[in-house]
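Peer 1: Have a look at this one before I ask anything.
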Amino acid sequence: MTHGTSISHDKASPRGSARRWSWLACAASVLFLGACTTPMDPRKDAAYQETALLADRPVIRPVRSISSFSDSLMCMDEMLRAAQLPTTLITSKQFTDYSTRVPVGIKEMIITALSQMSRRSNAFRYVDYEVNIVQQDTVQNLTTILLNNNQMQLQRPALYMSGAIAFVDQNVISNRRDAGLSGPRIDLGVSDSRSATVIGLEMHVGDFRTRTLIPGLDSANEVVIGGGGQGLDLAGRIGTYGVTFNVGRDYAQGAGGAMRTLVDLATIELVGKWSRVPYWQCLTLDQTHPDFQRQMRDWYLESGGVAQAKLIQSSLIAQGYIAPGTEMLDKDSRELRDALSRFQTDNGLVPNGTMDFRTYERALNRFVVLDNSGRMQQIGWTPSGPSGGAPETKTYAGYLPVKNAKELQLASTTALERDIDLQIKNPLPPGEKPTFEVGEQVFAAATVSRASHVYCYFNDAVGNVMRLTPNNVNPNSLVSANTVLRLPDWLVPNPAFIMDASQPGTERLACLATAEDVMDKLPAPLQGAGVVNVPGYRSIEDVEKAFRHALGDEPFSKAEVQWRVIPKRAQPAQQQPTALKPAPTT
């Protein structure tokens with residue numbers, strides 16, 4: 001009886017269970033080691049390995065790096081262009097992070113900001129020359145060799161930017177709350193935390209010739225990045241067994257986007273102070289409101305896929321990217337994807353042809369304002385007419401309110417007309433009519449508001465007409481939106497032509513922009529080679545008349561500049577060769 005009781009106790013005791021588990025573990029180990037003696041066949045894992053080609057691909061589409069002041073940079077570009085400032089060479093020093101907590105490329109961010117402010121105005125050109133003794137690259141090595149052999153000319157910049165990340169105060173404010181509850185069978189704990197870090201950036205502008213910082217041209221701004229988290233811990237016991245749960249969520253705002261915002265703001269401030277333009281007008285855009293991105297995201301999510309498609313397509317129709325009267329297009333249709341790609345290209349987005357949030361924001365961000373109480377308010381896409389059965393009135397793309405398809409088509413036709421801007425780039429006294437001496441070179445630049453085919457013609461004082469672009473060197477007539485078309489291209493060593501003031505009188509330069517390439521529709525004389533006299537055409541009006549006849553009802557845009565040519569002061573007036581001649585080649 002005692003012996004039987006002892007055996008029964010041994011089977012139920014923890015020691016007996018442990019022995020059984022140890023035997024099972026030993027048996028499993030022997031089987032596993034035996035299997036390891038047989039070589040594995042990689043062909044059996046082929047299906048698994050093929051998934052690696054998909055696993056290493058990103059599932060999120062890339063987007064442009066846009067800060068709160070991206071629209072402000074474009075505003076500054078227009079303001080600098082209106083001020084007709086000459087091109088200024090500028091460079092910058094390496095920016096130091098004394099805190100070693102914000103590893104970002106501030107110099108590259110400055111280059112991007114200056115480039116965005118110079119797309120149409122050509123206000124700045126960055127001199128890229130950096131000597132790094134430790135890390136030599138191809139460009140630096142070639143530059144050193146060419147400079148030593150007098151085969152390269154390095155232009156001296158007029159200005160330079162310097163500065164540093166002055167401080168990073170981590171966890172300036174930090175709140176944390178923890179609470180717990182414990183009982184015989186259950187333990188519960190909750191936590192909540194919030195923190196804020198302040199980053200300061202100092203930037204200055206200096207005179208490169210004297211290496212002195214210009215008084216008053218300084219910028220000191222700060223930005224706050226935050227973080228937070230919530231957690232839940234739960235532990236329970238059932239008999240001798242326990243179960244534990246731990247759930248948490250955290251967020252941390254990145255320092256990269258915050259620094260881009262600081263750099264863009266500082267660059268706008270410094271450039272505005274130096275050029276003496278009212279830059280603050282570009283900083284008061286609705287898009288820089290701190291709640292703009294959040295509010296637009298909420299509207300984007302609330303509208304749903306069908307509503308988003310309708311809003312974006314209505315905006316594309318109103319802005320001329322889709323023909324008026326077009327029915328609702330399928331999101332995967334080629335026509336819609338092509339229209340989206342052209343719209344995205346003209347607005348500085350990645351042209352992926354999809355209706356993502358960035359496209360939604362760019363299409364509708366002009367329809368957000370601040371009301372009297374400072375709150376974000378939608379305009380243009382909600383009924384604005386009186387209630388009580390009155391027809392609904394909506395505003396599209398900043399044009400007049402439209403009530404029916406006919407008015408929408410009229411507004412869309414207006415949007416189809418491309419905005420082309422043509423300016424003389426020679427330094428000229430403000431308020432005076434452009435005047436050049438015989439033989440003096442003339443420089444001009446043109447930009448279009450939308451991707452267009454651009455044709456530029458020169459008309460001299462004696463009635464000769466020449467097509468400047470497209471030409472034999474650059475046969476492509478397509479010009480992207482907000483891209484500077486230089487006439488002639490003074491940034492290349494061998495331009496297609498040189499434009500000289502030829503004979504006393506009035507000379508003219510005109511550029512025409514169309515949606516499609518119309519070269520094959522023009523009369524034969526206008527289809528000839530560029531930079532030669534066009535037979536039978538005596539004025540810009542003759543060219544414009546030919547364009548109207550060839551295009552019919554299709555719209556096109558035209559911009560023109562004129563200047564007066566006077567004899568040289570040092571010698572009597574004399575007839576010069578043709579005003580436009582091919583540039584010498586090397």
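Peer 1: In the list Leu213, Leu283, which residue meets the criterion of being over 30 Å from Asp187 (Cβ atoms), at pLDDT 90 or above and surrounded by 14 or more Cβ atoms within 10 Å (Cβ to Cβ)?
Peer 2: Leu213
Peer 1: Test each condition in (1) modelled with pLDDT of 85 or more; (2) at negative phi; (3) in contact with a helix residue (DSSP H, G or I) (Cβ under 6 Å, 6 or more places away or on another chain) for Ala481 and report the one that comes out false.
Peer 2: All conditions are met except number (1).
Peer 1: For segment 97-117, check the following and say yes or no: at least one residue is surrounded by fewer than 16 Cβ atoms within 10 Å (Cβ to Cβ), closer than 21 Å to Ile165 by Cα and basic (Lys, Arg).
Peer 2: Yes, there is a match, as at least one residue in segment 97-117 is surrounded by fewer than 16 Cβ atoms within 10 Å (Cβ to Cβ), closer than 21 Å to Ile165 by Cα and basic (Lys, Arg).
Peer 1: Out of everything in segment 175-203 that is surrounded by 13 or more Cβ atoms within 10 Å (Cβ to Cβ) and aliphatic (A, V, I, L, M), what residue ends up being farthest from Arg101 (Cα to Cα)?
Peer 2: By that ranking, first place goes to Leu188.
Peer 1: Turning to a different aspect of this structure: Aliphatic (A, V, I, L, M), touching a Phe, Trp or Tyr at 6+ places or on another chain (Cβ under 7 Å), farther than 15 Å from Ala363 by Cβ and modelled with pLDDT of 75 or more - does that describe any residue in segment 316-336?
Peer 2: No.
Peer 1: If you go through segment 160-195, how many residues are over 46 Å from the mean Cα position of the chain (by Cα) and among the acidic types (Asp, Glu)?
Peer 2: Qualifying residue count, segment 160-195: 1.
Peer 1: Shifting gears a bit: Confirm whether Gly463 is touching a residue at least 24 places away in the same chain (Cβ under 8 Å), out of contact with any strand residue (DSSP E or B) (no Cβ under 7 Å at 6 or more places or on another chain) and outside the structural domain of Ala339 (by TED's automatic domain parsing).
Peer 2: Answer is yes for this residue.
The values are calculated or read from the model by the stated rules, or taken from the named source; none is laboratory data. Every value quoted in this text rests on a predicted model; they were computed, and no experiment measured them. All Cβ positions, even for glycine, are placed from backbone atoms using ideal geometry, and neighbour counts span all protein chains on display.
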